[in-house]
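These notes concern the structure reproduced below.
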Amino acid sequence: MRIAPDVLSALTDRAETAGNRLVLAGPRMDARLYQKVDEILEAVGGRWTRSAGAHLFPMDAAEALAPVLASGEVVTLREKLTQAQYFPTPPPVVERLIELADLKPGMTVLEPSAGSGAIATAAAARGVTVDCVERDPGYAAVLKDAGVARQVQVADFLTVPAAPQYDRVVMNPPFTRGTDMAHVEHALRFLNLDGLLVAVMSWAATYHSAKTAPFRALVEARGGKVEAVAHRAFAESGTDVDTVIVAIPARRAAGAAPTVWPVRDLPAQDEPQLGTPAEIVAEIQANLREALAAFDEVAAALASPPAAKAQPAEVAELPAPRDEPTLFDLLDEAS
Ligand SMILES: C[S@@+](CC[C@H](N)C(=O)[O-])C[C@H]1O[C@@H](n2cnc3c(N)ncnc32)[C@H](O)[C@@H]1O
């Protein structure tokens, strides 16, 4: 997006940076201008942090902002959301992923679509070693700077050669056109024999269809577990897509329970609204009037004889006049 001139000059003139901090100097901006400035800062990694009284960046703030000031252009978070399928996992969902992954200090973990590291950061905090893959160099840079991962590879994960070497895969891959299934299936190839994969996936992966059948069969064969994520859990990330968390072991455990696929709750029906007693009486009267009028119509129809039907026009062709005498004519002649 091309940055409007007033927004660009506000950034050029008023942004003061020191390390990962950025402060907008001078008098308070009007709300509209501030909102636009904030959108740009957010797009390059800045987050307004009240306790710090500044926008904080996961890297040097001046460095993050420099390309934007030089080009006058930025890819906003909103644009990235639609272009790169970047929907950061909200903290409650990250927490559940980590819980189900049963991480133990010293384990090796792969995050193969790591974004800016919502999951990787939480995993690293459990004392595991995290390796990340991320296709978007911007997010990968943020992730590198965050320093939570042993290695960050900028790549299309689907093209990364598989090698079974991780105790866990924890992921929230892109969803478009079923790519989440492709990412999860590829990621399973990176697990050690006793490994476990835990992924956020689109609810669509749980449907019965020709497209999901191989994936469902794989989950069931391995004794995988599937649980629903709360509706609108990703609203803060900019999407209302319904999701599930799927846990799939590298191999089926002895005595594993059959997979139970979650069923989506139907939205509650609104209770019918009862009116006041006067409104209820008025409605009954109106219904009775309608019913009586219908009875009158039927009675009138029964009382009057049906009108004589008009004779249908004769359409049958008359037989052609005959020249030959009939049998009766011949008998008449003989008598
Ligand atoms: C739904 S976001 C999740 C980000 C992060 N895992 C999180 O939970 O916050 C999906 C991420 O996958 C990245 N991505 C999309 N296609 C990819 C691919 N083929 N290989 C690697 N990363 C990819 C996007 O750039 C985006 O950061």
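The values are calculated or read from the model by the stated rules, or taken from the named source; none is laboratory data. Since this is a predicted model, take the numbers as computed values, not measurements. Methodologically, a virtual Cβ is constructed for each residue, glycine included, from the backbone with ideal geometry; neighbour enumeration extends over all protein chains shown. Heads up: the accessible areas ignore ligands, DNA and RNA and are worked out on the full protein's heavy atoms, side chains in. Shrake-Rupley method; radii C 1.70, N 1.55, O 1.52, S 1.80 Å.
Residues in region 123-141 that are open to solvent by less than 30 Å² (accessible area, probe 1.4 Å) and either touching a residue at least 40 places away in the same chain (Cβ under 8 Å) or within 23 Å of Glu185 (Cα to Cα) (or both): 9 in all. Among the residues of region 190-213, which ones are small (Gly, Ala, Ser), within 16 Å of the ligand (Cβ to nearest atom) and in contact with a strand residue (DSSP E or B) (Cβ under 9 Å, 6 or more places away or on another chain)? Answer for region 190-213, where residues must be small (Gly, Ala, Ser), within 16 Å of the ligand (Cβ to nearest atom) and in contact with a strand residue (DSSP E or B) (Cβ under 9 Å, 6 or more places away or on another chain): Ala199, Ser202, Ala205. Among the residues making up region 4-17, those that are farther than 18 Å from Leu56 by Cα and surrounded by fewer than 16 Cβ atoms within 10 Å (Cβ to Cβ) are Ala4, Pro5, Asp6, Ser9, Asp13. Could you tell me which residue of region 34-64 is farthest from Ala141 (Cα to Cα), considering only residues that are part of a helix (DSSP H, G or I), open to solvent by less than 40 Å² (accessible area, probe 1.4 Å) and in contact with a helix residue (DSSP H, G or I) (Cβ under 7 Å, 6 or more places away or on another chain)? Looking at the filtered set, the residue picked out is Val37.
Number of residues in region 186-213 that are open to solvent by less than 20 Å² (accessible area, probe 1.4 Å) and over 23 Å from Val229 (Cβ atoms): the value is 1. When Asn172 is tested against (1) under 28 Å from Pro214 (Cα atoms); (2) more than 9 Å from the ligand (Cβ to nearest atom), exactly one condition is not met: (2). Identify all residues within region 229-244 that are more than 16 Å from the ligand (Cβ to nearest atom) and open to solvent by less than 50 Å² (accessible area, probe 1.4 Å); write none if there are none. Correct list: empty. Within region 208-235, residues that are over 26 Å from Pro92 (Cα atoms) and outside the structural domain of Glu99 (by TED's automatic domain parsing) have Cβ atoms under 8 Å from residues that are part of a helix (DSSP H, G or I) and among the basic types (Lys, Arg) in no pair, counting only partners at least 6 apart in sequence or on another chain.
Kindly check whether there is at least one residue in region 214-221 that is within 16 Å of the ligand (Cβ to nearest atom) and not in a loop (DSSP other than H, G, I, E, B).
No.
Give me the residue from region 18-33 that is open to solvent by less than 60 Å² (accessible area, probe 1.4 Å) and in contact with a strand residue (DSSP E or B) (Cβ under 9 Å, 6 or more places away or on another chain) and, out of that set, nearest to Leu56 (Cα to Cα). Checking each candidate, the answer is Leu22.
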